[in-house]
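Notes follow the structure.
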Amino acid sequence: MKLKVCVVLCAFSACGPGKGTEKFTTWGEEFIEQGIPDTAFVDGWSVHYDKFLVVFAGIKVADAKGNAGAMLTGSRLVDNTKPGRKDLVTFSDLDAQAWDRVSYQIRPAADGAELVSATEDDRTVMKNGGFSLYVAGAATKGFVTKTFHWGFVTATQYNDCTQAAESGTPIEGVVVTVGGTDTSELTTHGDHLYYDRLKASPDPAIETSLRFDEKAAADSNGDNEITLDELDAAPIDVTKYDPSGFDAPTLGAFMKSLARTVGHFRGEGECTISEAK
Amino acid sequence: MKRLLLALLCLSCGTNSTTGKQVVLHTKLNSDLNAERSFITDYGWNVTLTSARFSTGPLYYFDGEPAFTRREPNFFEFLKPIQTAYAHPGHYAPGNAVGQVLQPQTFDLLETGPFTMSDGTGITGPVRSATFSFSAPDGGHAVVVGGSAERDGGTVYFSVTAALSDIERTAKDAQITGCKFDENTIDRDETVLVTVKPRIWFNLVDFTKVDAGTPESPTLVDPASVPHIAFALGLGQLSAYEFQLQQ
């Protein structure tokens, strides 16, 4: 793999010194911009987001030995319900080479974050709540609509981001070419919050599904607003939800674990995740 | 994955690795049960155990960080000529294997531990995570636990068993991967202490729909029932198993 990358790099750079640019953007894809259709859920619900606020920080490119080429200082607050790709940061004057280690964080910004496609009110919500991720919207099934406003305080480190194997081969990190601009999208996936497993079943016949019936039933006071407190009080239905080895005895704990998995790399690409320090 | 397989191959061959000096890893197993063998679950059941027998399978130690929310590649992904390292919805990167204990053994946690396990092999270097696994000697049960559960003035006397196939519904090959190994560095022959936490096994179990039974005739939890599914999920919980180097 590394050899292939080197060969490709040399082809672009003529194996000489040079500089290039790496640009980072973010996008929420159709599920966050337009909604998750009822066909995506196994129980007939659909979800529409009014807010999908994410605080990005610590975006970093480094070589295979961990030597940093560039790193974002500060943080960026994005509302990914706003259409299109938004610029997060551009690292120019990077050495043209393979940067194997790309990492970033989704974490609370104690001192507020720079606004990218969010409002001052959004920043206040995030800062006051200590949130890294805040989603608000509505879920609908038939004539029933349940609203939600969920703020997550998780601080997640996304390391060793790898491009999906769309071309048949996963590529670790990015490749910066001489005079070129490579763009990496830190994609957020809005459907992950509704998964019924925290890892795939060893049995390939058992698929991971999107479910909302149980979240709707957790609305214990019947006001059609589902709160995280209500989800925290709702035990998971073990016939439908598999915590997959993690401590997630309630729907609230389950969704907080899933909140760490919304961050991706260049579409379907993945990163290893851990607690951000 | 290739690095992992190579490291395991190296360990099982008994040769020195280029990444570390070979060492012996003495291994002990204990539980966090108190003297009364009782604990209170997240659902408020006060459980007292009267038996807790289980059989371990291989244990593996790695230098990668413990699992966060993760998913391992499924069977069809393994068939691909070039594997993706990880996929939705989460990830665990075990890194390099640094130790292992291969011999299966059977324990009763109600006896006084810690219990001495077979020696394992390892290599010097950092250790951060581990795989715990179950086995089923002679094709029988992997786990047999009995006791009582009290809540709201009611008591349920129960017995529950688990076969490997029960655990494998949530953990491939009944291996619980990505368990926490207190971060440390193996720099000589060491002793690994494995702590098993039975409370975690029962954390998702609601005994409400289990017949009360009696101390003399406890109710065998139906393998097709919701409480049994919950127990099997509990056996697969990473936090039920912790590893550390004994100082």
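To the nearest whole number, what is the average tally of beta carbon atoms from other chains within 10 Å of the beta carbons of peptide A:243-256?
Averaged over the peptide's residues, the number is 5.
Taking the Cα centroid of the stretch B:200-231 and of the stretch B:129-170, what is the distance between the two, rounded to the nearest whole Å?
10 Å
Need the full-extension length gain, B:SER38 to B:GLU216, defined as separation in residues times 0.36 nm minus the C-alpha distance. One decimal, nm.
That works out to 62.2 nm of additional length.
Summing Lys, Arg as +1 and Asp, Glu as -1, what charge do residues with Cβ under 14 Å from the Cβ of A:VAL125 carry, A:VAL125 excluded?
-2
If you average over every viewing direction, what projected area does the convex hull of the Cα atoms of the protein assembly as shown give, in nm²?
Spelled out: convex hull of the Cα atoms, projected over all directions, averaged, 26.6 nm².
Ranked by Cβ crowding within 10 angstrom, fewest neighbours first, how are A:LYS199, B:LYS209 ordered?
Result, fewest neighbours first: B:LYS209, A:LYS199.
What net charge is computed for the residues neighbouring A:ALA109, neighbours being all others with C-beta under 11 Å from the C-beta of A:ALA109, Lys and Arg scored +1, Asp and Glu -1?
With Lys, Arg at +1 and Asp, Glu at -1, the neighbours total +2.
Restricting to bridges with both residues inside the protein assembly as shown, how much of the DSSP beta-bridge set is antiparallel, in percent to the nearest 5?
Roughly 80 percent of the beta bridges in the protein assembly as shown run antiparallel, per DSSP.
Mind sorting A:GLU275, B:GLU216, B:GLU242 by how few other Cβ atoms lie within 10 Å of their own Cβ, fewest first?
B:GLU216, A:GLU275, B:GLU242
Evaluate E = 1/(1 + (r/R0)^6) for B:ASP173 and A:GLU33, where r is the Cβ-Cβ distance and R0 equals 30 Å; express this FRET efficiency to the nearest 0.05.
0.15
Can you sort A:HIS48, B:HIS141 by how many other beta carbons sit within 10 Å, fewest first?
Ranked by crowding around the Cβ, least crowded first: A:HIS48, B:HIS141.
Among A:VAL238, A:ALA216, B:THR177, whose Cα lies farthest out toward the positive end of the dipole of the protein assembly as shown, if unit charges sit on the beta carbon of Lys, Arg (+1) and Asp, Glu (-1)?
Positive-most Cα among the choices belongs to B:THR177.
With charges only on Cβ, +1 for K and R and -1 for D and E, what is the dipole size of the stretch A:98-250 about its Cα centre, in debye, rounded to 20?
My answer is approximately 40 debye.
Counting Lys and Arg as +1 and Asp and Glu as -1, each charge on the Cβ, what is the dipole of the stretch A:20-178 about the Cα centre in debye, to the nearest 20?
360 debye
Could you give the dipole magnitude of the stretch B:141-226 about its Cα centre, charging the beta-carbon of Lys and Arg +1 and that of Asp and Glu -1, in debye to the nearest 20?
Around 160 debye, computed over the stretch B:141-226.
Any read-out appearing in this document is the output of simple, stated calculations on the displayed coordinates, not a laboratory observation. Since the model is a prediction, treat every value here as computed from it, not as a measurement. Virtual Cβ from ideal backbone geometry, glycine too; neighbours counted across all protein chains shown.
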